[in-house]
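Shown next, in structure tokens, is the structure this report addresses.
The values are calculated or read from the model by the stated rules, or taken from the named source; none is laboratory data. Just so it is clear, the model here is predicted, and its values are computed rather than measured. Cβ sites come from the backbone with ideal geometry, for glycine too, and all protein chains shown count toward neighbours. Side chains included, ligands, DNA and RNA excluded: accessible areas come from the protein's heavy atoms. Shrake-Rupley method; radii C 1.70, N 1.55, O 1.52, S 1.80 Å.
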Amino acid sequence: MEQSLLGRVSSATRSCCSYSTLKTWLPILSWLPGYQLKWLQLDLLAGLTVGLTTIPQALAYAEVAGLPVQYGLYSAFMGGFIYTLLGTSKDVTLGPTAIMSLLCFSVVGGQPHRAALLALLSGLIQAAMALLRLGFLLDFISFPVIKGFTCAAAVTIGFSQVKNILGLQGIPHQFFLVVYYTFSRVPEARLGDVLLGLTCLFLLIMLMVMKMKMNPGSDDLPQSVCSIVARRLCWTVATMRNALVVMAASILAFSLDTRGYHVFTITGETTSGLPPFQPPPTTDTTANGTAVSFVEIVKGFGGGLAVIPLMGLLESIAIAKAFASLNNYRINANQELLAIGVTNIMGSFVSAYPVTGSFGRTAVNSQTGVCTPAGGIIMGSIVLVSLRFLMPAFYYIPKASLAAVIICAVAPMCDLRVLAKMWRISKPDLLPFGVTFLVSFWEVQYGIIGGVATSGALLLYNMARPQIKVSDHGTLVMELGSGLSFPAAEHLSHVIHTKALQVSPPRSVVLDCRHVSVVDYSVVSELRDLLGQFKLKDQTLVFSGLRLSVLEVLLAADLQGFKYTDSVEAALQKELPE
């Protein structure tokens with residue numbers, strides 16, 4: 001007996017430590033042994049392209065997060081290395097995004113140490129969710145809530161950058177104050193910043209349009225060798241538009257500044273070199289020297305400590321699923337949770353703030369033809385090189401050019417055409433969309449929480465008020481349009497009393513239960529009372545179309561006067577087994 005038990009334990013241990021189990025936790029072991037040399041060229045090209053796209057975006061998103069620009073780069077490289085080991089999508093790139101930057105600012109208010117601690121705690125929550133298989137919690141964040149949040153985030157982020165286009169300083173960060181002070185201080189706008197910002201916006205839009213027109217995969221353009229090469233070149237230039245526009249603006253600013261013309265508002269001094277590898281501080285000190293404990297910091301995070309991990313997971317997994325479907329492969333959702341969780345944990349040791357999957361950079365990665373997640377190593381290496389050697393050059397980056405990059409990045413997120421679709425398909429979905437959209441202008445995390453609560457209330461209402469179709473065939477037939485659970489028991493009883501028992505003369509009822517898959521004690525108790533009422537009125541309540549599992553429960557409840565048939569037609573013909 002003991003030997004048999006030891007044998008089973010030994011077998012279970014070998015199974016847990018097997019190579020197949022290891023490949024489940026380290027997906028790199030699945031594709032690395034079969035890596036082909038021809039893939040290397042495409043992975044290098046994709047990594048280079050995404051890296052040059054990441055640098056200006058990371059600098060710009062740090063501005064959204066209220067942090068010095070180098071913190072955007074601190075947050076941009078770790079995801080490339082970690083995801084190569086743990087990710088299950090060849091296309092996804094992890095790093096700073098507009099939404100996560102806005103959420104981070106709303107929670108930590110631009111404090112770098114607390115942003116890194118937020119990344120650590122978010123990563124621990126995400127990794128724990130992956131290990132406990134809690135990814136299903138994301139299902140409770142409905143599409144209208146997501147769209148309401150992304151539309152509000154796009155408006156908030158985009159308008160917050162108008163001040164940099166105008167060259168204004170000292171504008172508050174709260175959205176309504178941003179709107180008020182930006183409009184009231186328009187006369188103070190700096191002409192140089194306005195001209196540069198509008199020029200950068202124009203160039204970025206033109207290059208974006210050119211990229212769509214010159215997509216190498218298009219079939220409606222000439223296919224000669226020269227045209228293919230030209231289209232590929234134009235598409236590559238358009239793909240790297242952010243880096244090219246920011247670089248050109250920086251060269252212009254440097255040229256004018258060295259001649260004594262301080263025309264633009266520039267980024268200014270940045271910290272050079274790689275960030276130190278150390279855990280984020282768990283305590284803090286206020287400006288007046290007051291010590292803030294770890295517990296007080298966590299309390300200060302409030303609901304953001306739940307919203308940020310969930311939104312990070314939601315955004316990343318949605319992107320991974322979209323590109324997996326596009327490119328005909330499958331992902332492991334829980335493994336994706338683990339990848340982003342570990343990325344945030346390790347990123348916090350290099351002063352990163354919370355990151356997630358980036359739709360724009362993932363699209364660039366996919367369209368460039370990346371073959372494996374190894375492209376992330378190239379992207380991360382480029383960011384590290386820029387941190388080590390190029391930080392002095394970032395001194396001359398005009399803030400107006402970064403603002404233009406952000407505005408062009410978030411503008412497609414504000415797609416209000418979805419309102420028309422919701423109106424046509426399901427008008428109640430407009431309510432959680434509207435709550436999320438409007439409340440997000442006050443506090444982003446409260447907007448998401450409010451939207452989820454509204455969606456939950458609508459879901460509960462639909463459970464409590466199932467559709468009941470009533471038809472008269474001499475005997476009333478009531479068809480339940482959905483399942484039957486305890487919130488709906490009272491409503492069903494009210495409808496039956498109103499339509500059948502409180503009329504003169506009373507009517508018998510056939511209850512069509514084809515859509516009822518489960519009943520609980522509250523429902524059984526309510527049905528017992530109804531059967532008693534029908535007996536007092538000398539009428540009959542008949543159940544039809546019961547599923548076997550439901551029928552077994554009702555029979556076990558020993559309901560007095562319980563009658564059932566296989567179909568409504570049989571019930572109307574009085575074929576009723578006792």
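A few comments on the model shown:
- Whole-angstrom gap from segment 82-155 to segment 394-451, using each part's C-alpha centre: 16 Å
- Span per principal axis, largest first, for the Cα atoms of the chain (Å): 102, 75, 69
- Label-point gap, in nm, between Met463 and Leu131 - each point 7 angstrom along Cα→Cβ: 3.0 nm
- Among Asp529, Asp43, Asp415, Asp538, the order of accessible area from largest down is Asp538, Asp529, Asp415, Asp43, computed with a 1.4 Å probe on protein heavy atoms.
- Cα gyration tensor shape for segment 473-523, rounded if a/c is under 1.5, else prolate or oblate: oblate
- Rounded to the nearest 0.05, the FRET efficiency derived from the C-beta distance between Cys414 and Glu569 at R0 = 35 Å is 0.05.
- Whether segment 404-456 is rounded, prolate or oblate, judged on the alpha carbon gyration tensor where a/c under 1.5 counts as rounded: oblate
- Kirkwood Rh in Å, taken over all unlike Cα pairs in segment 152-212: 12.5 Å
- Annotation: amide H-H contacts under 5 Å for Val292 (H modelled 1.01 Å from N, sequence separation of 5 or more, or interchain): Asp284, Thr285, Thr286.
- Separation of the Arg330 and Val237 label points, Cα + 7 Å toward Cβ, nm: 4.4 nm
- When both segment 329-393 and segment 524-549 are represented by their alpha-carbon centers, they are found 60 Å apart.
- For segment 338-468, the relative contact order comes to 11 percent (Cα pairs under 8 Å, sequence separation of at least 6).
- Dipole of the chain, positive end: most advanced residue of Ser20, Ser508, Val298 [Cβ charges, Cα centre]: Ser20
- Solvent-accessible area of Trp423, all protein chains in place: 150 Å² (probe radius 1.4 Å, heavy atoms, ligands and nucleic acids excluded).
- Taking a straight Cα-Cα cut-off under 20 Å and skipping sequence neighbours fewer than 8 places away in the same chain, the aspartates and glutamates within cross-link reach of Lys469 are Glu479, Glu490, Asp512, Glu526, Asp566, Glu569.
- Length-normalised contact order for segment 73-220 - Cα pairs under 8 Å, 6+ apart - percent: 14 percent
- Per residue, the chain exposes 48 Å² of solvent-accessible protein surface, assessed with a 1.4 angstrom probe and all protein chains in place.
- Between Thr290 and Gln36, the simple spin-label model (points 7 angstrom out along Cα→Cβ) gives 6.4 nm.
- Between Phe486 and Ser184, full extension at 0.36 nm per residue minus the direct alpha carbon distance yields a gain of 103.1 nm.
- Net length gained if the chain between Lys427 and Leu198 were fully extended (0.36 nm per residue, minus Cα distance): 78.6 nm
- Dipole of the chain, positive end: most advanced residue of Gln57, Phe389, Pro354 [Cβ charges, Cα centre]: Phe389
- Positive-pole candidate from Val435, Gly474, Ala400, dipole of segment 364-487, charges at beta carbon: Ala400
- Shape of segment 270-322, Cα gyration tensor, a/c cut at 1.5: oblate
- In order along segment 466-477, the Karplus-derived 3J(HN,Hα) couplings, from 6.51 cos²θ - 1.76 cosθ + 1.60 at θ = phi - 60°, round to x, 5, 10, 8, 10, 9, 10, 10, x, 9, 5, 10 Hz, and Gly and Pro are given as x.
- Accessible carbon and sulfur surface of the chain relative to its total accessible area, %, 1.4 Å: 65 percent
- Relative contact order for the chain, counting Cα pairs under 8 Å that sit 6 or more residues apart, in percent: 24 percent
- Gain in span if fully extended, His473 to Leu536, counting 0.36 nm per residue against the direct Cα distance: 20.4 nm
- Relative to the Cα centre, the charge distribution of the chain, modelled as +1 at Lys and Arg Cβ and -1 at Asp and Glu Cβ, gives a dipole magnitude of about 1160 debye.
- Against the main long axis of the alpha-carbon atoms of the chain, helix 112-131 sits at an angle near 40°.
- For Leu476, nonlocal amide neighbours, meaning residues 5 or more places apart or on other chains whose placed amide H falls under 5 Å from its own, are Ser508, Val510.
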